[in-house]
Amino acid sequence: MVDFDILIIGGGIAGAGLGAALAGRRRVLLVEAEDQCGRHATGRSAAFWLESYGGPAVIPLSRASHDFLAGHGWLRTRGAIHLARAYVFDSLPALERLDRAALEARIPGLRFAWQHGRDEPSCADIDVAALHAHYLAELRRGGGQVRTAAGLVAAVWDGKTWIATLAEGARVTASILVNAAGAWADPVAKIAAVAPLGITPKRRTMVQLRVGQNGLRHLPLVADADGGFYFKGEGDRSIWLSPHDETDSAPCDAAAEEIDVATAIARFEQVVDWPVEAVERRWAGLRSFAPDRIPVYGFDRAQPGFFWCVGQGGFGIQTAPAASALAAALLLGDQPALDPMPFDPARFG
Ligand SMILES: Cc1cc2nc3c(=O)[nH]c(=O)nc-3n(C[C@H](O)[C@H](O)[C@H](O)COP(=O)(O)OP(=O)(O)OC[C@H]3O[C@@H](n4cnc5c(N)ncnc54)[C@H](O)[C@@H]3O)c2cc1C
């Protein structure tokens, strides 16, 4: 008999969320290469839920995740303001328009160039650590196992069963292998002799700045409609800022590059007149995208024992509840609540 029904590779939000949704229904083992789950993209996010983000395929996942997150108390409403110099809001038609006077009232010290805005009051901070810990706890409560420092190094399909070798030589067998390896999605496919989909990791930088301005803790998320930056309040005089970078990267332990930190600050200084006093923290993580920037949930076309749960881009946290439920339904043969077609790996031919 096989050891497990489902072997999940990767202990970030994607693997943990799916594991929680499957626990109690199948025998699940989740393996994580690091000595702790959540070390990579999941532990480095900007932690917000923004309904308008991600495009038409992603928005239903974000919407369908909202009540689960809010119901557990893991959302704290912050609001978002989309800013523009010239009027460029065709993609946000449903959001209320903010004129210059309204923008000045919400963002003190806003430079004159920024004349146009849109209001997205439902934007919220997500308690990512609580969500991720909940998923791992649910997985274990349902009888599933989690092994850390147990990266997948080999996987052989004998026609019915996966024989997987983990770091330090441990062997396990499973009927289905789930690829939830984030930036390592394509390398994990190659380990299993499955054709990669072209999942590309892209580095995104975050900077925590101390600035000469008070009262910032609850500042809305301020996002450039042209995609040059976003920032949100962190402490009374500090913000989290990103230059919205997307630099192709090999899968790795990403770190913030000096040039991206400098770019972030230069762009920020063109938005508000708050003096930058110090860079308190900097970090970077890898957001991984399929070629069409839509996540991938489903069985591989050529290898039916291999399931893709990858390409969560910059929305893997805010979509996790609905995406996990969708992926679990596909794995269990249940009727999914959302249309799985946009996410089908078969779209890559
Ligand atoms: C700076 C930044 C800001 C972001 N902001 C937001 C935001 O505000 N809201 C939002 O919703 N999303 C945001 N995201 C995106 C979100 O963080 C990701 O979409 C999500 O965390 C992806 O989760 P994951 O589980 O797929 O990947 P990861 O969390 O990277 O997990 C994959 C895991 O697989 C493991 N692994 C790899 N290879 C193997 C192997 N061979 N064997 C075993 N394990 C392996 C890795 O060690 C890793 O822990 C942001 C991302 C970044 C980087």
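The values are calculated or read from the model by the stated rules, or taken from the named source; none is laboratory data. What you see is a predicted model, and the numbers here were worked out from it, not measured in a lab. With ideal geometry, Cβ positions are generated from the backbone for all residues, glycine too; neighbour counts draw on all protein chains shown. For accessibility, only protein heavy atoms count, side chains too; no ligands or nucleic acids. Shrake-Rupley method; radii C 1.70, N 1.55, O 1.52, S 1.80 Å.
So here's what we get for this one:
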| item | result |
| --- | --- |
| Between helix 320-332 and the chain: long-axis angle, C-alpha atoms, 0 to 90°, nearest 10 | 20 |
| Heavy atoms of Ile191: accessible area, 1.4 Å probe, square angstrom to 10 | 60 |
| Nearby aspartates and glutamates by direct alpha-carbon distance to Lys160 (threshold 14 angstrom, same-chain neighbours under 8 apart not counted) | Asp3, Asp5 |
| Segment 208-266, accessible area per residue, ligands and nucleic acids excluded (1.4 Å, Å²) | 41 |
| Crossing angle, helix 258-269 versus the chain [Cα axis fit, 0-90 degrees, rounded to tens] | 40 |
| Between helix 13-22 and the chain: long-axis angle, C-alpha atoms, 0 to 90°, nearest 10 | 50 |
| Value at 222 nm in deg cm²/dmol, rounded to 500, when DSSP H runs of n ≥ 4 in the chain each add -39,500 (n - 2.57) | -6500 deg cm²/dmol |
| Å³ per residue enclosed by the Cα convex hull of the chain | 130 |
| Charge dipole magnitude, Cβ of K and R +1, D and E -1 - segment 220-298, Cα centre, debye nearest 20 | 260 |
| Set of lysines with alpha-carbon distance to Lys202 below 23 Å, sequence-local pairs under 8 removed | Lys190, Lys232 |
